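A.B. asks: One structure is given below, represented as structure tokens, and several questions about it will come after.
FYI, it's all coordinate maths here, none of it is from the lab. Only a predicted model underlies this, so the values are computations on that prediction, with no experimental measurement involved. So basically every Cβ, Gly included, is an ideal-geometry build from the backbone, and we count neighbours across all protein chains shown.
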Amino acid sequence: MTYRQFTSESVAAGHPDKICDQISDAIVDAALKRDPKSRVAVETMVTRNRVVMAGEVTSKAKLNYRSIARGVIKDLGYTRKAFGFSTSSPVSVYIHEQSPDISSGVEDGGAGDQGMMFGYATDETREYMPLPISLAHAFVKALDQARIDKKLSYLRPDGKAEVVVDYKNGKPCCVSTVIIAVPHNPSVTNAELKHDIDKKIIKPILKQYSYTLHPKPYTLIVNGTGRWEIGGPASDTGVTGRKIIVDTYGGMGRHGGGCFSGKDPTKVDRSGAYACRFLAKNIVAAKLARRCEVKVAYVIGRAEPVSIAFNTFGTQKKPDSVIRNFAREILDLNVPNILEKLDLRRPIYRRTASYGHFGNPAYPWERIVS
């Protein structure tokens, strides 16, 4: 780790891209709940007063796609036509069955697609995640909760957080800049907004992470243009899968390129990345290394990976052979084994589609083996 500063960004659950991710994953969950062997690959697009869904679903379940989409939109707080996007917005559906050429390979236990996936872990936070993305997630989650709980009742759906962390000798030492963007009722001034966010959001969360940070004044920027009243799809079109760096490690760990949301777990873009995170986290938790990145690659229709690689960035405490043997013992990376050992054929995915797919101990790929 040679960066002196590192910056990561997260977005609120009501961000247009995240609306799409959550609708797509709500479809995955609805299908898996009724048929654990459902195969789903669904994309969503939202814009002003419009939702469009397209993709492939093969399942015994009969799904009401429009109802699922509107349920997500309601949950996210888009209930007023004044927002230019709401539960009454038209929903267009273009979903058909999966190609039989893909289906035949998946039914035999093979990967649902080809590609490479990465997993990453570091010991710089308790959740074994990079500090910049952990803080960014915490800030936007707190913003959303403050709106829902009416602690900051003037906030509206949507928002972003960007965090700059200073590093010294490869370890985080302080937060130097926090940037928040959030839409709000125009009756509230930007000065009032900045004061409330600093007092009720930023300072309490930084206190939670004080174990890894030195106290130091930070620069806080709220709504850089000075004004933001209407957020969401009326202001910015959203599409499934555009926040893959938000979903993973905030840019500190590499990414294979495929998004997670809208895909059932036979798609290794999703399950392969979860498996790599499981291995990387357990390697660091076992104190075999301070940082670890795991890479795997698959070919469509085949269960076994075509390559597996480990990188500990010079922080390993044990020989490479020990790390590889440890990884092999806790998880075989063939596709059916990943699905079984991490128990992935369950409706657990909609909640992963906001605040990141990693670092939450409720997810099975975050489990630390004893």
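A.B. asks: So, with +1 on the Cβ of K and R and -1 on the Cβ of D and E, and no other charges, what is the size of the charge dipole of the chain about its Cα centre, to the nearest 20 debye?
C.D. replies: So the magnitude is around 940 debye.
A.B. asks: Could I get the Rg over Rh figure for the chain? Both from C-alpha atoms, Rh via Kirkwood, rounded to two places.
C.D. replies: 0.98
A.B. asks: Can I ask one more? Let me spell out the model: positive unit charges on the Cβ of Lys and Arg, negative unit charges on the Cβ of Asp and Glu, origin at the Cα centre of region 330-370. What dipole size does that give, in debye rounded to 20?
C.D. replies: It comes to approximately 200 debye.
A.B. asks: Apply 1/(1 + (r/R0)^6) to the Cβ-Cβ distance of LYS200 and SER370, taking R0 = 35 Å, and write down the FRET efficiency to the nearest 0.05.
C.D. replies: So the FRET efficiency works out to roughly 0.35.
A.B. asks: For region 229-369, taking Cα atoms only, what is the radius of gyration to one decimal and the Dmax to the nearest whole Å?
C.D. replies: Cα-based Rg and Dmax for region 229-369 come out at 16.0, 56 Å.
A.B. asks: Oh, and also: Can you list the residues of region 106-149 with backbone N under 18 Å from a point 7 Å past the Cα of LEU220, pointing along Cα to Cβ?
C.D. replies: 135-147
A.B. asks: Hey, another quick one. What helices in the chain pass both tests, a Cα length along the helix axis of 15 Å or more and a mean Kyte hydropathy of 0.5 or higher, using whole DSSP H runs?
C.D. replies: Length and hydropathy pass: 131-148.
A.B. asks: Turning to a different aspect of this structure: For the chain, what does -39500 (n - 2.57) per DSSP helix run (n ≥ 4), summed and divided by total residues, give at 222 nm, in deg cm²/dmol to the nearest 500?
C.D. replies: -9000 deg cm²/dmol
A.B. asks: Cβ under 10 Å from VAL246's Cβ, VAL246 left aside: what net charge do those residues give with Lys, Arg +1 and Asp, Glu -1?
C.D. replies: 0
A.B. asks: Also, quick follow-up: Which of the chymotrypsin sites (Phe, Trp or Tyr not before Pro) found in region 1-88 are loop residues per DSSP with 16 or fewer other Cβ atoms within 10 Å of their Cβ?
C.D. replies: Within region 1-88, the qualifying chymotrypsin sites (Phe, Trp or Tyr not before Pro) (loop, at most 16 other Cβ atoms within 10 Å) are TYR3.
A.B. asks: Here's another thing I want to ask about it. When 1/r is averaged over all different Cα pairs and the result inverted, which Kirkwood radius in Å belongs to region 68-196?
C.D. replies: Across region 68-196, the inverse of the average 1/r is 19.1 Å.
A.B. asks: Another one. Which residues does the label zone of GLU304 cover in region 326-350, counting backbone N under 15 Å from a point 7 Å along Cα→Cβ?
C.D. replies: Counting backbone N atoms under 15 Å from the label point, the list is 332-337.
A.B. asks: Size of region 17-102 along its principal axes in angstrom, Cα-based, largest extent first?
C.D. replies: 45, 22, 19
A.B. asks: Further question: According to a simple spin-label model (label point 7 Å from Cα along Cα-to-Cβ), what is the distance in nm between ASN185 and GLU229?
C.D. replies: 1.4
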